[in-house]
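**Student:** Below you will find the structure I want to go over with you.
The values are calculated or read from the model by the stated rules, or taken from the named source; none is laboratory data. Bear in mind the structure is a predicted one, so any value in this text is a computation, not a measurement. All Cβ positions, even for glycine, are placed from backbone atoms using ideal geometry, and neighbour counts span all protein chains on display. When the accessible area is computed, the model is the full protein with side chains, heavy atoms only, and any ligands, DNA or RNA have been set aside. Shrake-Rupley method; radii C 1.70, N 1.55, O 1.52, S 1.80 Å.
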Amino acid sequence: MRKFLAGLLGMVLCVQTVYGIPVRAADVFEPGERPKAMQDVIRQEDPEQTNRDNSGNLTGLELSAESAVIMEASGGQVLLEKNADEKRPPASVTKVMTLLLIFDALADGTITPDTEVTTSEYAASMGGSQVFLEAGEKQTVDTMIKCIAVASANDACVAMAEKIAGSEPAFVEKMNQRSAGLGMTNTHFVNCNGLDTEGHLTTARDIALMSRELITKYPQIEDYSTIWMENITHRTKQGEKEFGLSNTNKLLKMVTNFEVTGLKTGSTSLAKYCLSATGRKDGVDLIAVILAAPDYKARFADAVTLLNYGFANCHLYKDENPGAVPETTVAGGIQEQVAGRLRGTFSYLSMGGENLDGIEKEWMMEESRKAPIQEGDVIGHLVYRLDGRELGSVEIEAAETVEKAGLWDYFKKVMGVFAA
């Protein structure tokens with residue numbers, strides 16, 4: 001009996017040794033040897049230097065606006081800029097942040113599109129662009145968003161601010177917190193609608209950042225920002241009456257070689273004419289921000305100039321179908337393979353005339369990984385190259401946890417061999 005047990009233990013130890021030794025190939029890398037990939041990785045070429053001076057400002061494009069910037073939306077790459085960090089009053093482009101906080105509140109369940117919002121005396125007293133909400137009037141969140149996105153309604157902004165935060169000052173505090181979280185280092189909001197107020201300042205770059213957050217995190221904003229005309233119904237003590245909304249963004253009706261998707265206009269005597277314009281072509285989304293243009297025609301012309309430049313020079317590769325992620329062998333685990341999954345989608349932004357059809361990809365997996373393995377551990381990379389040059393990579397993580405095998409697990413494996 002003792003000889004039988006000794007022999008059995010010897011076989012178990014032998015199997016454990018076999019299962020516990022990692023096997024590596026010469027081209028296999030250690031975890032962490034390659035640069036970490038980001039979620040939705042973006043790599044890009046620099047824009048043509050003839051369009052910039054040493055400060056990064058525009059030199060080859062004629063713009064009337066005092067500040068401007070054009071940004072690619074998916075990765076946040078700034079293509080061209082002009083005085084992009086000079087602080088200026090943004091007028092109603094402020095409402096991009098107001099809309100962002102409204103959609104945040106929708107996302108976390110604070111409000112729903114059907115939630116009724118009651119207009120206060122203070123909200124109804126707003127001047128400038130408005131939809132003439134009366135004190136005590138109730139409208140749904142969905143209608144209020146239309147009033148803000150389409151007609152740039154100051155009264156609707158304040159009513160929504162009070163609904164979400166209890167008061168406009170409390171809402172403005174949230175605006176400044178949100179902007180800080182987006183890296184908008186040159187922005188300070190004083191109100192939620194952009195009426196000229198001392199200290200209410202931002203920059204073209206910061207507006208591009210908040211515009212990017214809105215259109216990428218909440219693409220449903222496009223359902224509102226592209227409305228040209230629509231009626232709402234005022235229901236007050238005087239009865240019901242129709243009120244027409246007309247979009248202040250006249251780009252929507254201009255003939256362009258790209259799709260106009262938004263976003264927000266603004267103008268005051270102090271801010272002059274401002275615009276955050278978004279457009280799409282061939283799967284590329286761009287944001288053109290214009291501050292302090294001399295007139296309303298100039299702001300639209302400048303935006304078209306920037307967007308035309310961007311779409312002419314900007315080409316985006318996005319690998320939506322990378323294929324099945326290979327499994328990795330597990331040494332010394334309760335199972336012999338671990339499944340992998342990609343940490344995001346690879347994208348590459350090119351500002352040249354490269355043929356992106358020539359992009360090649362290679363799965364670089366650890367040939368064997370010693371247990372234990374935790375779900376989320378990096379076990380490889382999907383690497384992208386063009387003409388032999390590495391463009392970037394996406395990390396591959398373990399899709400499950402694999403525990404280290406114990407003596408009983410090895411015993412079961414041995415018994416399984418004998419049973420076979």
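**Student:** Residue by residue through segment 173-186, note down the ones that are open to solvent by 20 Å² or more (accessible area, probe 1.4 Å) and assigned to a loop (DSSP other than H, G, I, E, B).
**Tutor:** Passing the criteria: LEU182, GLY183, THR185, ASN186.
**Student:** Another question about this same structure. If you check GLU354 against the conditions, is it among the charged types (D, E, K, R), under 24 Å from ALA312 (Cα atoms), more than 25 Å from the chain's Cα centre (by Cα) and open to solvent by 40 Å² or more (accessible area, probe 1.4 Å)?
**Tutor:** yes
**Student:** From the list GLU66, GLU116, pick out the single residue that is at pLDDT 95 or above, under 30 Å from ALA301 (Cα atoms) and open to solvent by 10 Å² or more (accessible area, probe 1.4 Å).
**Tutor:** Result of the check over GLU66, GLU116: GLU66.
**Student:** Scan segment 73-92 for residues that are under 19 Å from the mean Cα position of the chain (by Cα) and open to solvent by less than 20 Å² (accessible area, probe 1.4 Å) and jot them down.
**Tutor:** Across segment 73-92, the qualifying residues are ALA73, LEU79.
**Student:** Taking segment 187-239 as the search range and keeping residues that are at positive phi and modelled with pLDDT of 95 or more, which one is surrounded by the fewest Cβ atoms within 10 Å (Cβ to Cβ)?
**Tutor:** That would be GLY199.
**Student:** Same structure, new question: Can you give me the number of residues within segment 274-294 that are free of Cβ contacts under 8 Å to residues at least 60 places away in the same chain and either closer than 30 Å to GLY127 by Cβ or open to solvent by less than 10 Å² (accessible area, probe 1.4 Å) (or both)?
**Tutor:** 2
**Student:** A further question follows. Would you mind listing the strands (runs of 3 or more DSSP E) fully within segment 248-313 where at least 1 residues are in contact with a helix residue (DSSP H, G or I) (Cβ under 9 Å, 6 or more places away or on another chain) and acidic (Asp, Glu)?
**Tutor:** 284-293
**Student:** May I ask you to say which residue of ALA135, ALA107, ALA153 is open to solvent by 40 Å² or more (accessible area, probe 1.4 Å), hydrophobic (A, V, I, L, M, F, W, C) and closer than 16 Å to TYR224 by Cβ?
**Tutor:** From the options ALA135, ALA107, ALA153, the qualifying one is ALA107.
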